[in-house]
Each structure stands twice: as structure tokens, then as C-alpha cells.
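J.: Okay, handing you the structure first.
The values are calculated or read from the model by the stated rules, or taken from the named source; none is laboratory data. This one's a predicted model, so the numbers in the text were calculated from it and none came from an experiment. Methodologically, a virtual Cβ is constructed for each residue, glycine included, from the backbone with ideal geometry; neighbour enumeration extends over all protein chains shown.
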Amino acid sequence: MTTDEHARFMRANEANWDARTPVHLASRFYGLDQDLDAGRWFAGFEWADLGELSGRDVLHLQCHLGTETLAFAQRGARATGLDFSAASVAAAREIAERAGEDVRYVRANVYDAVEALEGRRFDVVYTGKGALCYLPDLRRWADVVVRLLRPGGRLYVVEFHPLLNSLGPEPGPGEGPELLLRHDCLAGSGAVRRDATHTYTDGPAVEGATDSYEWMHGISEVVNALVEAGLTVRRLTESDELPWPRWPHMERTESGWWRLPEPRIPLLYGLLATR
């Protein structure tokens with residue numbers, strides 16, 4: 001697949017996320033109509049791996065509405081969020097203002113982040129929970145991350161496990177709780193087109209741009225891209241819990257997150273790397 005095709009698919013994704021934003025703002029999924037609990041999107045192991053954030057410069061790549069970015073500011077970080085959707089960035093600024101948090105948001109494609117942030121370096125770069133699948137080239141992404149980090153800085157990636165993305169119910173009426181391996185678990189040969197008329201939240205259909213393109217990335221692809229860029233992988237954590245019930249038969253855990261009934265399988269992973 002050519003660079004021009006990648007750029008075209010990413011422009012389609014940008015238009016789709018612009019169109020998703022009003023649907024997400026109105027949905028119950030993010031809890032924006034209540035007292036915003038930004039910390040609920042984080043697993044305990046994330047905070048343990050991230051360590052003390054007070055006084056640190058933290059960058060959240062592909063931040064969408066910035067609900068997670070706010071959690072860094074609430075922990076005393078100088079927080080910055082970056083996203084390619086103009087609608088998302090505008091919404092994130094309003095949400096941060098209502099929450100009384102000082103967060104800087106920048107609109108840019110993640111591949112252009114170094115230039116958009118004017119060469120600024122960060123102590124922590126954070127990304128994930130449905131971000132890497134919208135990037136066609138992880139080696140290029142890893143090179144950008146290295147240029148964004150100060151020496152000794154940390155990258156933290158929290159992503160949906162490839163196994164989660166490969167699972168789905170049997171198609172047809174009367175879907176039961178059984179999940180089947182329906183999609184590739186490892187990197188495929190190119191972009192996968194999705195119909196994003198309805199997104200992962202509740203609410204009405206997306207109006208306008210409904211084409212979305214995703215790229216499958218196995219964990220080894222993520223690790224190798226980071227190692228080849230010169231980062232050192234410090235920790236990899238797999239978790240069987242998600243912050244929301246992806247399927248109706250998931251069970252709530254003591255942490256407030258959700259898991260599938262046995263057998264336990266990984267649904268999320270956290271990866272800590274340092275420069």
C-alpha cells in the first residue's frame with residue numbers, strides 16, 4: 001500500500017472522527033452529563049507503571065475528547081493532548097474548561113506531532129485504548145515518539161489486545177454469549193474498511209462521513225517498532241478486564257471494570273518503554 005493511500009485513508013478517518021464527536025458528546029458512554037470521573041478509564045497497573053506525575057510534562061497522543069488527558073492534569077501533570085480531529089479538539093478544550101483543568105490541546109496528525117508541538121519534549125507520552133489501529137505505519141510512529149521524549153522519558157501504551165479485536169459473536173439472529181475467532185489476530189496485508197455509521201457508544205447514527213479504516217497490529221509489531229527506534233521495553237502487562245462491557249454477558253469486577261466469564265483471556269495490555 002502506498003503512502004498516498006495511507007494519507008487518503010487517514011483523511012477519511014479524520015472526517016469520520018469529526019462526525020463521531022457530536023454523537024460521543026451526547027452519549028452516556030463518557031459520562032459527560034455527570035460529574036466527570038476521568039480516572040475511571042485507567043487500570044490500577046497503569047498508575048503503578050506511570051509513577052509520580054506531579055510536575056511532569058505529559059503528552060496524550062490521539063486523545064479524542066481528552067477525558068483521559070484530564071486525569072493527568074488532576075494528578076498534577078502539565079498535560080497536553082493531541083488529536084487530528086478538529087471537532088474533538090474543540091470539544092476537549094470545552095470539557096477541560098468546564099472541569100477547571102489547565103490542559104493544552106493541539107490539533108495535528110500524530111505523524112506531524114513533533115512539528116505541531118514545535119519540538120517540545122515530554123517526560124511521559126501516553127497513548128492507547130483504540131489508537132494504534134488508526135495508524136498504518138508503527139515504525140514511523142515509534143520514531144515520532146522518540147523525538148517527543150526527553151532522555152529518560154517514558155512511553156506508556158495501553159491498547160486493546162489483538163485477541164479482543166479478533167473475537168465476535170456468530171453472525172445472524174439470536175446471538176448467544178459464545179464468541180468466535182472471526183478476524184485476524186496478527187497484522188494483515190493492509191487497511192480494513194469499517195462501516196462506522198454506529199460507533200462503540202450509545203446514541204444515534206453518525207451523520208456524514210461513515211467510512212473508517214483500521215490496521216491490525218500484533219504485540220510483536222508494537223514491541224519491535226519501539227526497539228528498532230531505540231526505546232527500551234521495561235514492562236508488558238496483560239489484563240482480562242476492560243473499562244466498559246464490550247459484550248452484554250461480561251461481568252463486573254471489584255475494580256469496577258468488566259471481564260468475560262471463564263476461561264480468562266487477555267483483553268487489554270499495557271507496555272512501558274523508556275528512552
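J.: Just for region 250-270: of the residues that are outside any strand (DSSP E or B) and of a type in the set (Asp, Glu), which one is farthest from the chain's Cα centre (by Cα)?
T.: Taking the candidates together, the pick is Glu262.
J.: In addition: Since Gly31 meets every condition but one in (1) on the phi > 0 side of the Ramachandran plot; (2) buried (at least 24 other Cβ atoms within 10 Å of the Cβ), which condition does it not meet?
T.: (2)
J.: I would also like to ask the following. Name every residue in region 55-86 that is touching a strand residue (DSSP E or B) at 6+ places or on another chain (Cβ under 7 Å), touching a residue at least 40 places away in the same chain (Cβ under 8 Å), of a type in the set (Gly, Ala, Ser) and under 20 Å from Asn16 (Cβ atoms), in order of residue number.
T.: Matches in region 55-86: Ala86 only.
J.: Still on this model: Regarding Pro204, is this residue in a loop (DSSP other than H, G, I, E, B) and touching a strand residue (DSSP E or B) at 6+ places or on another chain (Cβ under 8 Å)? Lay out the reasoning, then the answer.
T.: Values: in a loop (DSSP other than H, G, I, E, B): yes; touching a strand residue (DSSP E or B) at 6+ places or on another chain (Cβ under 8 Å): no.
Criteria not met by Pro204.
J.: Residue check: is Ser166 more than 17 Å from His60 (Cβ to Cβ), modelled with pLDDT under 90 and touching a strand residue (DSSP E or B) at 6+ places or on another chain (Cβ under 9 Å)?
T.: So Ser166 fits the description; yes.
J.: What do you reckon, is Thr69 touching a helix residue (DSSP H, G or I) at 6+ places or on another chain (Cβ under 8 Å), farther than 15 Å from Ala99 by Cβ and part of a helix (DSSP H, G or I)?
T.: no
J.: Any idea which of (1) in a loop (DSSP other than H, G, I, E, B); (2) under 23 Å from Leu148 (Cα atoms); (3) among the charged types (D, E, K, R) is the one Arg234 doesn't satisfy?
T.: (1)
J.: Of all residues in region 67-85 being within 17 Å of the chain's Cα centre (by Cα) and among the aliphatic types (A, V, I, L, M), which is nearest to Tyr105 (Cα to Cα)? Quick ask: steps written out before the conclusion?
T.: From region 67-85, those within 17 Å of the chain's Cα centre (by Cα) are 67-72, 79-85; that's our starting set.
Among the residues that remain, those that are also among the aliphatic types (A, V, I, L, M) are: 70-71, 79, 82.
On the way: Leu70: 11, Ala71: 14, Ala79: 9, Leu82: 6 Å.
Once the filter is applied, the top-ranked residue is Leu82.
J.: In region 130-165, which residues are among the basic types (Lys, Arg) and in contact with a Lys or Arg (Cβ under 9 Å, 6 or more places away or on another chain)?
T.: Residues satisfying the conditions are Arg147, Arg150, Arg154.
J.: Being of a type outside the set (Asp, Glu), touching a Gly at 6+ places or on another chain (Cβ under 9 Å) and on the phi > 0 side of the Ramachandran plot is true for just one of His60, His64, His24. Which residue is that? Write out each step before concluding.
T.: Working: His60 fails: on the phi > 0 side of the Ramachandran plot; His24 fails: on the phi > 0 side of the Ramachandran plot.
Result of the check over His60, His64, His24: His64.
J.: Now, a different point. Conditions: (1) of a type outside the set (S, T, N, Q); (2) within 24 Å of Val227 (Cβ to Cβ); (3) at pLDDT below 95. Pro151 meets all but one. Number of the miss?
T.: Of everything listed in (1) of a type outside the set (S, T, N, Q); (2) within 24 Å of Val227 (Cβ to Cβ); (3) at pLDDT below 95, Pro151 misses just condition (3).
Results for (1) part of a loop (DSSP other than H, G, I, E, B); (2) surrounded by fewer than 21 Cβ atoms within 10 Å (Cβ to Cβ); (3) among the hydroxyl-bearing types (Ser, Thr, Tyr), shown as yes or no for each residue.
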{"position": "Arg20", "(1), (2), (3)": "no, no, no"}
{"position": "Leu25", "(1), (2), (3)": "no, yes, no"}
{"position": "Leu36", "(1), (2), (3)": "yes, yes, no"}
{"position": "Gly55", "(1), (2), (3)": "yes, yes, no"}
{"position": "His60", "(1), (2), (3)": "no, no, no"}
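J.: Next question. When you scan region 199-227, how many residues do you find that are surrounded by 14 or more Cβ atoms within 10 Å (Cβ to Cβ) and either out of contact with any Cys (no Cβ under 8 Å at 6 or more places or on another chain) or of a type in the set (A, V, I, L, M, F, W, C) (or both)?
T.: Matching residues across region 199-227 total 18.
J.: May I ask you to say which residue of Leu149, Leu155, Leu181, Leu135 is in contact (Cβ under 8 Å) with a residue 12 or more places away in the chain, over 30 Å from Gly119 (Cα atoms) and hydrophobic (A, V, I, L, M, F, W, C)?
T.: None of the others qualify; the one that does is Leu181.
J.: Could you list, ordered by first residue, the pairs with Cβ atoms under 6 Å in which the first is in region 20-48 and touching a residue at least 60 places away in the same chain (Cβ under 8 Å) and the second is of a type in the set (D, E, K, R) and part of a helix (DSSP H, G or I), at least 6 apart or interchain?
T.: Here the result reads Trp41/Glu68, each pair linking region 20-48 to a residue that is of a type in the set (D, E, K, R) and part of a helix (DSSP H, G or I).
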